[in-house]
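**Q** First the structure, which I've put down as structure tokens, then a few questions once you've had a look.
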Amino acid sequence: MTRIAIALQNDYADWEPALLMAATRYWLDCEVVTASPYGKPVTSMGGLKVTPDIGFDAIDAERFDALIIPGGYAWEKGVAFDFTALATAFRDGGKVLGGICAAASALAATGVLDGVAHTGNSLASHMKYPGYRGEAHYVDQPQAIRDTKIVTAAGSAPDTFTIEVLKALDLYGPEAEEELAIFAAEHRR
């Protein structure tokens, strides 16, 4: 069974991991495990209160197939968790690593995006981090990008983020495509 860790912290953007969590848990029978700093309850930007399953210290690249980090205001407030060790472990272990919105910029800060195509809210958002060296690989587009097993997206792209994460996990087949097409329908003209 595919195991996915969703890393939540206070003020996370609740809409960003929601579709991925529902698709993997409900339609694809994956185990979705929520985590937070020290396993303590967190509250999303929308006021959703979540009691996570585990603490960040229990996320192990050997035990999970993917680490997904939603964005939110923790980075703007200067209180975000440093995901460098976890991001590096998942990348080096050949596991799926996803960051959306401010979390894509947080991944940029770790160096894991320096050699892969990636996107996010903006290049300027990534450039705020002095350790970022991936500007030559930044792609300015509204849809999520997957390069190897790393997936990034702007906060406005939870549907394509979900699709690209599923592709990286080899879970994107006809059933997932059919179910998720509904969520992207408003973007077709």
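**Q** For residues that are in a helix (DSSP H, G or I) and surrounded by fewer than 17 Cβ atoms within 10 Å (Cβ to Cβ), tally how many sit in region 19-54. Walk me through it before giving the result.
**A** Within region 19-54, the first condition is being in a helix (DSSP H, G or I), and the residues that meet it are 19-27, 37-39.
If we keep only those that are surrounded by fewer than 17 Cβ atoms within 10 Å (Cβ to Cβ) too, we end up with 22, 25-27, 38-39.
Counting residues in region 19-54 that are in a helix (DSSP H, G or I) and surrounded by fewer than 17 Cβ atoms within 10 Å (Cβ to Cβ) gives 6.
**Q** What's the number of the condition Thr110 fails, among (1) buried (at least 24 other Cβ atoms within 10 Å of the Cβ); (2) polar (S, T, N, Q); (3) farther than 23 Å from Thr2 by Cβ?
**A** Checking Thr110 against (1) buried (at least 24 other Cβ atoms within 10 Å of the Cβ); (2) polar (S, T, N, Q); (3) farther than 23 Å from Thr2 by Cβ, the one that fails is (1).
**Q** Identify the single condition in (1) buried (at least 21 other Cβ atoms within 10 Å of the Cβ); (2) of a type outside the set (Val, Ile, Thr); (3) farther than 18 Å from Ile4 by Cα; (4) within 14 Å of the chain's Cα centre (by Cα) that Leu166 does not satisfy, given that it satisfies every other one.
**A** (3)
**Q** Among the candidates Val112, Val50, Val42, which residue alone is hydrophobic (A, V, I, L, M, F, W, C) and farther than 21 Å from Asp11 by Cα? Before you say what the answer is, go through the steps one by one.
**A** Details: Val50 fails: farther than 21 Å from Asp11 by Cα; Val42 fails: farther than 21 Å from Asp11 by Cα.
Of the residues listed, the single one that is hydrophobic (A, V, I, L, M, F, W, C) and farther than 21 Å from Asp11 by Cα is Val112.
**Q** Being in contact with a Leu (Cβ under 6 Å, 6 or more places away or on another chain) and surrounded by fewer than 20 Cβ atoms within 10 Å (Cβ to Cβ) is the filter here; which residues of region 113-133 pass it?
**A** Let us first name the residues in region 113-133 that are in contact with a Leu (Cβ under 6 Å, 6 or more places away or on another chain), namely 113.
Residues satisfying the conditions do not exist here.
**Q** Could you say whether any residue in region 88-109 is aromatic (Phe, Trp, Tyr) and either touching a helix residue (DSSP H, G or I) at 6+ places or on another chain (Cβ under 8 Å) or at positive phi (or both)? Steps first, please.
**A** So the first thing to find is which residues in region 88-109 are aromatic (Phe, Trp, Tyr), and the list is 90.
So of that shortlist, the ones also either touching a helix residue (DSSP H, G or I) at 6+ places or on another chain (Cβ under 8 Å) or at positive phi (or both) come out as none.
No.
**Q** Quick test of your reading of the structure: Gly78 fulfils all but one of (1) touching a residue at least 24 places away in the same chain (Cβ under 8 Å); (2) under 23 Å from Lys128 (Cβ atoms). Name the failing condition by number.
**A** Result: Gly78 fails condition (1) only.
**Q** Quick test for you: out of Ala58, Ala104, pick the one residue that is over 16 Å from the mean Cα position of the chain (by Cα) and of a type in the set (Gly, Ala, Ser).
**A** On the way: Ala104 fails: over 16 Å from the mean Cα position of the chain (by Cα).
Step by step, each of Ala58, Ala104 is checked, and only Ala58 is over 16 Å from the mean Cα position of the chain (by Cα) and of a type in the set (Gly, Ala, Ser).
**Q** When you look at Ala154, is it touching a helix residue (DSSP H, G or I) at 6+ places or on another chain (Cβ under 8 Å), under 26 Å from Asp57 (Cβ atoms) and among the aliphatic types (A, V, I, L, M), yes or no?
**A** Numbers: touching a helix residue (DSSP H, G or I) at 6+ places or on another chain (Cβ under 8 Å): yes; under 26 Å from Asp57 (Cβ atoms): no; among the aliphatic types (A, V, I, L, M): yes.
So Ala154 does not fit the description; no.
Quick note: the coordinates plus some simple rules give every number you see, no bench work behind them. Because the structure is predicted, anything quoted here is derived from the model rather than measured. Every residue, glycine among them, receives a Cβ derived from its backbone with ideal geometry; neighbour counts consider all protein chains shown.
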